[in-house]
Amino acid sequence: MKLYYRMFLMHLRSQMEYKASFFMMSIGIMITSLGDLLAISFLMMRFHTVKGFTLPQILLCYSVMVLSYTFAELIGRGFDHFQQVLKNGDFDRIMLRPVRIMPQVFLARMNLERISKAVLAGVVLIYAMSRSGVVWTMDRILVLILMILGGTLMFTGLFILHAVVCFFTLEGLEVMNILTDGSRSYGEYPVSIYGKEMLKFYTYVIPVALIQYYPLLYILGRTGDFRFGLLPLFGALFLVPCFFLWKFGVRRYKSNGS
Amino acid sequence: MRAALGMLRMRFIYSLQYRAAAWAGVMTQVFWGFMETLLYKAFYASNAAAFPMTLPQVTCYIWLRQAFFAMFILWSVDGDILDMIINGNVGYEIIRPTDLYWMWFTRNLGSRLSKVALRCGPVFLVAFLLPAPFGLSLPPNWVTFFAFLLSFVMAVLLIIGLCMWIYILSFYTIASRGVQSIVGLTAEFLSGSLLPIPFMPEGFQKVAYLLPFAQTQAVPYLMYSGYYSGREMVMNLGVQLFWLIVVIGSGHAVMKRALLKVTVQGG
Amino acid sequence: MIEVSHLNKSFKVYRRDAGMKAAFKGLFHREQTRVEALKDLSFSIQDGEIVGLIGPNGAGKSTTIKVLSGILVPDSGECKINGRVPWKERKAHVRDIGVVFGQRSQLWWDVPIIDSFDLLKEIYKIPEERYQATLHELTETLELEDLLRTPARQLSLGQRMRCEIAASLLHEPKILFLDEPTIGLDAVSKLAVRDFIKKLNEEKNTTIILTTHDTQDLMALTKRILLIGKGEILLDGSLEALIDRYPEGITAEEMVVALYKEYKI
């Protein structure tokens with residue numbers, strides 16, 4: 001554990017070497033998520049509600065998704081950009097070290113500028129919490145935390161999945177964006193608004209709905225069933241199959257090379 | 001021109017080689033477009049009266065944007081050229097007996113066309129095959145279609161004209177990646193690619209239409225579905241032409257001066 | 001002690017004819033062929049040997065190194081290094097070896113070299129005293145004193161290579177793999193690197209396996225040559241005996257060319 005902490009510190013020190021560009025990049029990245037925020041706000045200013053959700057309620061969903069995506073990006077960036085790790089031979093280097101492979105990949109890349117996105121999402125979350133008309137009891141706050149936690153783990157799983165695909169092909173990775181960036185982007189609205197079929201897809205295939213739509217229903221008091229609030233934990237279980245696929249991918253790399 | 005065509009061919013073969021990439025690109029664009037039409041359908045169901053355009057017009061807008069996605073990314077510049085400008089090797093390029101502005105212009109056009117050529121076909125095909133409220137429909141009449149074509153051609157030339165300004169500005173200053181993403185995203189939002197411009201608030205719309213970015217995407221897409229007609233159509237084409245002349249004219253002139261500076265300094 | 005017997009390894013590759021038509025066809029169908037990267041490879045290397053692995057590009061040199069270092073699993077065949085099968089006991093095995101890739105860095109790019117070293121100490125779990133002693137020794141012999149506080153990206157290629165070598169020796173490996181260690185270096189740095197490798201082998205009895213295209217490296221360092229071509233070992237013998245086969249006064253470069261010609265690789 002101490003070793004991983006040291007590896008993390010290393011990245012921190014690397015980033016501090018470029019203070020000026022760190023600041024500009026932070027702003028740049030913040031603006032990226034500002035675009036979506038602006039689009040959501042403009043649409044909601046015009047329509048007021050969509051499928052019964054108001055602007056603050058949608059923003060609750062938005063901020064949960066952006067926060068968990070960003071946290072996953074912070075810890076799992078090495079998976080998200082795994083094609084580069086493979087292409088430039090960093091993965092061979094990782095295999096040459098007497099340390100477990102997965103944590104090394106987690107720490108292979110790190111972009112701390114991304115925290116700026118989390119800061120923005122945090123501000124939006126506080127605004128949304130105060131305006132959503134929800135009475136913030138302990139159980140609801142707990143569910144909100146579970147949503148962010150479950151989301152972080154689910155997105156980490158998606159990033160790992162992305163990396164697994166890299167073991168098989170370095171072409172056509174664009175399609176993986178549908179799963180990673182796409183899940184985040186579509187998930188900025190409660191996924192129920194895309195219709196019943198899509199809700200099923202995002203419940204049983206990629207558990208986006210488990211970390212936002214169902215627990216949101218509990219927070220907003222549309223259902224009294226606390227089990228809905230616990231669903232993010234099941235969403236986090238998505239990480240388990242991804243982990244085994246990763247093992248499979250590493251074995252394949254060992255027999256095929258890059 | 002022959003060189004540009006040859007390069008286009010090379011690029012095309014090059015991108016064909018990556019077949020998984022081509023299929024993946026098409027699938028990604030289609031899925032993304034499909035999800036977005038579902039989103040607008042939900043808004044339409046919530047409050048049809050607040051819709052600033054018809055639902056089929058919105059889906060047309062989305063599918064055109066998906067099909068031509070790679071054409072209108074402002075920052076899709078040629079890295080070699082940027083490097084050349086930054087490290088001063090551009091001095092050697094000046095020796096050639098061609099107008100550098102137009103050479104780089106065609107090069108950029110070629111690379112954008114080759115990126116889109118492979119992908120737009122299948123995206124169109126899928127979009128046309130999708131049932132009525134989700135799919136792409138034909139333009140209402142021939143006049144609209146030709147107006148769209150004209151507007152589209154101007155939009156392509158305009159985005160490259162804007163892109164040329166990125167080269168030109170690199171002669172004077174190197175934009176950090178932070179600045180790049182700020183400018184890129186502002187331009188993206190104002191071009192109406194994240195949110196169709198008619199959905200923006202009144203005041204914002206006015207500003208967006210006055211700037212050249214909306215002319216690169218929103219205007220041709222709106223033109224296609226018959227959102228503009230009669231005087232409005234002509235006026236919008238006029239504004240596009242105006243920006244086209246201003247952006248390319250000024251770019252050409254300023255680049256000449258920038259190149260002079262390079263030669264004087266000796267590259 | 002390295003013992004390799006009957007190693008085989010093949011990879012899949014895709015090919016396509018030139019031209020637009022073939023490119024279009026490639027969208028739907030691709031031809032697959034298997035390339036034999038290693039064919040029935042057998043050799044053994046004693047502790048303390050310096051072996052030069054030579055052969056043209058794509059002959060199978062780096063595949064061999066990857067198998068020996070535990071990155072790749074062969075299709076068939078056996079390999080034992082210090083009693084371990086590299087790909088089966090990766091963590092234990094890599095603690096025993098050091099690898100330097102001439103064209104890739106293992107140093108963290110943006111931080112001072114000493115920070116990279118400190119982290120490697122943690123990664124290899126080197127006891128503090130041993131680490132200090134080794135570091136001191138490496139700093140002396142490789143003249144790193146002035147470089148340790150500089151970030152890797154600001155070093156010249158020669159300076160960086162010295163640091164790379166030090167980095168791969170901090171955990172005092174018994175075997176060192178050097179993949180083109182002198183590529184792109186100036187004459188002074190090349191000599192420094194060669195001298196060091198030689199000294200390392202003499203003083204610590206470290207086994208060294210070297211791939212290089214630089215014939216001067218071979219002449220200066222190796223006693224034994226392994227010639228690999230098209231995945232096979234074509235020649236395994238002492239460098240001196242090899243030189244004797246050719247007329248007097250032949251340069252090393254000419255000898256290698258003649259060798260490649262002889263074996264049609």
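Any read-out appearing in this document is the output of simple, stated calculations on the displayed coordinates, not a laboratory observation. For clarity, every value in this text was computed on a predicted model and none was experimentally measured. Methodologically, a virtual Cβ is constructed for each residue, glycine included, from the backbone with ideal geometry; neighbour enumeration extends over all protein chains shown.
See the values below:
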quantity	calculated
Charge dipole (the protein assembly as shown, unit charges on Cβ, about Cα centre) - positive-most of B:Trp165, B:Tyr221, A:Val205	B:Tyr221
Size of charge dipole - the protein assembly as shown - debye, nearest 20, with Cβ of Lys, Arg +1 and Asp, Glu -1, no other charges	2220
Sequence-separation-based contact order of the range A:19-252, relative, with Cα cut under 8 Å and 6+ spacing, percent	26
Which listed pairs, of C:Lys91/C:Lys198; C:Lys39/C:Lys174; B:Lys206/B:Lys256; A:Lys2/C:Lys61; C:Lys204/C:Lys264; C:Lys39/C:Lys88, have C-alpha distances above 31 Å, in listed order	B:Lys206/B:Lys256; A:Lys2/C:Lys61; C:Lys204/C:Lys264
Proxy reagent accessibility, fewest Cβ within 10 Å first, across B:Arg9, A:Arg140	B:Arg9, A:Arg140
Distance between the range A:99-161 and the range B:202-225 - C-alpha centres, whole angstrom	36
Candidates A:Thr169, A:Thr152, A:Thr70: whichever shows maximal mean-square fluctuation once chain A is modelled as a Gaussian network with Cα springs under 10 Å	A:Thr169
Spacing of the two label points (7 Å from each Cα toward its C-beta) at A:Met45 and C:Lys39, in nm	7.2
Positive minus negative residues near B:Gln66 (Lys, Arg vs Asp, Glu; Cβ under 10 Å)	+1
Relative exposure of A:Tyr18, B:Tyr224, B:Tyr40, judged by other C-beta atoms within 10 Å (fewest first)	A:Tyr18, B:Tyr40, B:Tyr224
Contact order relative to length of chain C, as percent, for alpha carbon pairs under 8 angstrom and 6 or more apart	25
Under the Karplus curve 6.51 cos²θ - 1.76 cosθ + 1.60, θ = phi - 60°, whole-Hz ³J(HN,Hα) for the range B:78-85, x wherever Gly or Pro sits	7, x, 4, 5, 4, 4, 4, 5
Centre separation in Å (Cα based) which lies between the range B:58-88 and the range A:17-60	23
Neighbourhood charge, 12 Å Cβ-Cβ cut-off, centred on A:Tyr194 and excluding it, Lys, Arg +1 and Asp, Glu -1	+1
Relative contact order (%) - the range B:2-261, alpha-carbon pairs under 8 angstrom, separation at least six	27
Choice from B:Pro140, B:Pro56, B:Pro212 showing the highest fluctuation, given a GNM over chain B with Cα pairs closer than 10 Å	B:Pro140
Separation of alpha-carbon centers, the range C:65-136 and the range B:109-156, rounded to whole Å	55
Cut-off under 5 Å, modelled amide H: who pairs with C:Glu232 long-range	C:Lys39
Size of electric dipole in the range B:2-261: Cβ of Lys, Arg +1 and of Asp, Glu -1, about Cα centre, debye, nearest 20	440
Principal-axis tilt of helix B:142-172 within chain B, Cα atoms, nearest 10 degrees	40
Within the range A:72-91: backbone nitrogen closer than 17 Å to the C:Trp109 label point (7 Å, Cα to C-beta)	A:77-91
The range C:69-190, dipole about Cα centre (Lys/Arg Cβ +1, Asp/Glu Cβ -1), debye to the nearest 20	460
Eligible lysines near B:Lys115 by straight Cα distance, threshold 26 Å, same-chain separation 8 or greater	A:Lys87, C:Lys21, C:Lys25
Residue order, fewest to most surrounding Cβ atoms within 10 angstrom, among C:Lys199, C:Lys61	C:Lys199, C:Lys61
Long-range HN-HN contacts of C:Val99 with modeled amide H, under 5 Å	C:Phe177
